[in-house]
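Worksheet: the structure to be examined is printed underneath.
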Amino acid sequence: MTRRFASRARFAGALRLVRRPAPLLIAWALPNVPGPATEPVRLPNLTRAAAPTVSEPLSRITASDNRVRAGRLEGGVLTVRLDAQNGMWYPEGPNGVGLPVAAFAEEGKGLQNPGPLIRVPVGTEVRVTLRNSLAKPLTVFGDGSQTRSFCYVNDLVRGLVDLKRRAGLYYEAPRAVEITDGVLYRARVTIPARVPVGRFTAETFLIRDGRVLAAATRDIDIRKSGFERFVARSADHASFRYGLVAVALSVFFGWAAGWIARRF
């Protein structure tokens, strides 16, 4: 069964399929086996016909290194062809216990966990063709019209920091903290004009060798000042008069512009 659907991605990430292996319980019915006794009991040997059959070995599932992007990207559209198959996953390493699970693979390539990497620029359309090679139905949620994020937490954090840095709301100043007498510290922080007015929480951490030794929290109130504060307060506390003054100023400056244009 093959299903086609498309989705529009905002960030980058990987497609994941999680399936818990079902426990398998095998019980052998041994006829004429007596109950507990003081003498040892000899169990009958299994005949060749009674031995369980061995199925074909499952393909090994490898861990995705998150460096090679799946599919083909052309004209702002990423086309990916996936195949859901059964495989053997070794969570503890090649010499550990193998678990039979279902996983995704690109057509003609090996199975990966958590799945082939889907990493695209913002606004890219993702077209996925999914083939179900499992012995049971595979449920796919969504009709392809949703907008979602296929991303890892690290990718999301890097993207958020980059957006804040471009807006002037994030910066690093390694030598901005001044320490006095080995105890008191002081730091000057430049607050951008784009910061909204309100109460903010400032968190300070003392870090040594990558470990947080102490932390402090303090509330900071951000307010406007000067003429900008006067305009903001007038709009909040005297909205009617503020509206009348704004309309009057608009009419006056419009009339003044027209008068100057007629004179010159």
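Condition first: modelled with pLDDT under 50 and either surrounded by 18 or more Cβ atoms within 10 Å (Cβ to Cβ) or over 27 Å from residue 154 (Cα atoms) (or both). Can you find one or more residues in the stretch 56-63 that meet it?
No, the stretch 56-63 contains no residue that is modelled with pLDDT under 50 and either surrounded by 18 or more Cβ atoms within 10 Å (Cβ to Cβ) or over 27 Å from residue 154 (Cα atoms) (or both).
Is it fair to say residue 183 is of a type in the set (A, V, I, L, M), within 30 Å of residue 86 (Cβ to Cβ) and exposed (fewer than 10 other Cβ atoms within 10 Å of the Cβ)?
Against the criterion (of a type in the set (A, V, I, L, M), within 30 Å of residue 86 (Cβ to Cβ) and exposed (fewer than 10 other Cβ atoms within 10 Å of the Cβ)), residue 183 does not qualify.
Just to be sure before I move on: is residue 197 among the hydrophobic types (A, V, I, L, M, F, W, C), at pLDDT 80 or above and touching a strand residue (DSSP E or B) at 6+ places or on another chain (Cβ under 8 Å) in the structure I sent?
For residue 197, the condition - among the hydrophobic types (A, V, I, L, M, F, W, C), at pLDDT 80 or above and touching a strand residue (DSSP E or B) at 6+ places or on another chain (Cβ under 8 Å) - is met.
The values are calculated or read from the model by the stated rules, or taken from the named source; none is laboratory data. Nothing here was measured: the structure is a model prediction, and the numbers come from that model. No Cβ is skipped: glycine too gets one built from the backbone with ideal geometry, and neighbour counts run over all protein chains shown.
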